[in-house]
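Read the structure below first, then the notes.
The values are calculated or read from the model by the stated rules, or taken from the named source; none is laboratory data. Since the model is a prediction, treat every value here as computed from it, not as a measurement. Glycine gets a Cβ as well: all are built from the backbone with ideal geometry, and neighbour counts include every protein chain shown.
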Amino acid sequence: MSLARTLIAFLLLAASPTWAGDFDLGGGDDEPKALRFSGLLSARYGHTSQKRSWLLGGPNKLRFGGADRDNNTSGDRDAHVFSVPQASLMLDADVPMNAKVHVQLNMDADSDSGNGGLGVVEAYASAEGRRDDWGGRLRAGAFIPAVSWEHPGPAWSTRWTITPSAVGTWIGEEVRTMGVEAALQRTMGDHSARLTAAAFSGNDQAGALIYYRGWAMHDYQADINQSYPVTVAGAVVTERPFQELDGRLGFYGRADAGLFGEALKLTGGYWTNEGDIGARQTVLGSRLGGWSTQFWDYGAMSQVGRLTLVGHFMKGQSACWACDRVPWLAWYGLASYSVGSWTVSGRYDRYEVERRRWEDGYALTGCVQRALSPRQRLAAEYIYALSRPGASARPSMQKDQLVQLDWRLLWGER
């Protein structure tokens with residue numbers, strides 16, 4: 001479906017009446033309000049390890065990679081990088097029947113992947129409402145499902161670190177809902193519970209990155225027409241994770257609970273693209289094949305005073321016509337402590353692609369942030385990642401390191 005047709009469908013759905021629930025609602029006016037524009041700008045310095053970024057066909061699986069002086073795609077020298085890793089424009093509007101429209105556009109200005117173009121990251125309509133202790137929400141369009149606790153900020157920005165976990169990274173890379181989602185919530189004093197279900201199309205190549213490349217850790221945000229370079233049998237081919245290939249609908253369901261206010265939160269869900277591995281289609285000159293991917297995930301978050309503890313586990317499997325079904329998993333544990341305008345966070349990631357132990361690695365991340373104002377943040381981060389690149393012929397483990405200094409600015413009306 002073209003972007004224009006998709007956006008028209010979203011706007012029509014936005015005008016449909018619905019009864020829904022308390023999800024931090026705005027007013028219930030029937031009169032539309034003017035468009036509100038806001039944005040997020042990130043400016044960053046990075047010092048990388050030697051290997052070239054996977055976004056350029058290299059083996060480095062962090063956000064930025066090293067210099068490639070001999071042009072053999074592997075990388076041979078550490079690099080110093082200045083970049084604009086995220087430049088987002090958001091458009092929000094209230095429309096009749098207590099509905100809203102939200103669109104996020106990103107400029108692809110990344111030094112390791114950017115072409116200066118604009119891409120749609122999310123574009124959806126939502127309708128919300130409440131009745132006593134019950135509430136609900138209906139969303140329709142293209143949006144990132146609420147799996148990651150690391151991305152509560154505007155423009156799907158992270159809260160505790162610059163770089164999300166391997167779990168959060170993959171959700172941003174290969175998982176996008178292009179369909180309809182419904183949620184029902186009940187509040188019971190200091191406790192709450194929510195059930196969410198959705199049906200979607202697309203995502204028929206989700207899982208290919210994990211199979212061929214393995215896990216990665218970065219904050220690059222894919223747009224809805226995203227394509228990635230992946231190395232298959234020594235050749236670089238194109239993967240389009242959100243492409244519709246087989247005419248089938250995928251679905252997911254989630255359950256969330258909040259206990260004692262912010263003291264303890266629990267989450268869990270199941271996702272499947274219901275992919276047909278026999279599907280084939282040529283898109284923009286690239287021959288694409290269907291993938292069948294499913295995953296379960298579970299998480300817990302506890303906040304005690306200034307200390308926040310988070311754990312999230314994901315286990316799934318992927319298969320294609322030319323490959324066996326491969327199990328994979330990733331999990332992380334994070335601790336974050338805030339004092340005044342300062343926040344210090346540390347995270348341990350563990351990840352595997354289990355067939356023949358194609359990948360068995362871990363990563364350590366440390367981040368110090370200071371809020372310069374309600375709309376500005378300065379953060380310094382160090383990542384050490386150990387992994388064996390997925391499906392590579394190299395038996396040895398690869399070490400990637402990245403030091404980053406990031407300034408983030410939010411602007412406009414939300």
- Does L40 satisfy being of a type in the set (A, V, I, L, M) and at pLDDT below 75? no
- All but one of (1) more than 22 Å from E381 (Cα to Cα); (2) crowded, with 21+ Cβ neighbours inside 10 Å; (3) touching a Ser or Thr at 6+ places or on another chain (Cβ under 6 Å) hold for W160, so report the exception by its number. (1)
- Task: Return yes when A235 is in contact with a helix residue (DSSP H, G or I) (Cβ under 9 Å, 6 or more places away or on another chain) and at pLDDT below 95 and no when it is not.
- Result: no
- Selection count, the range 58-89, where residues are modelled with pLDDT of 85 or more, buried (at least 23 other Cβ atoms within 10 Å of the Cβ) and in contact with a Phe, Trp or Tyr (Cβ under 8 Å, 6 or more places away or on another chain): 4
- Mind listing just one residue for me: the one in the range 324-340 that is under 16 Å from A216 (Cβ atoms) and of a type in the set (A, V, I, L, M) and, of those, nearest to the chain's Cα centre (by Cα)? A330
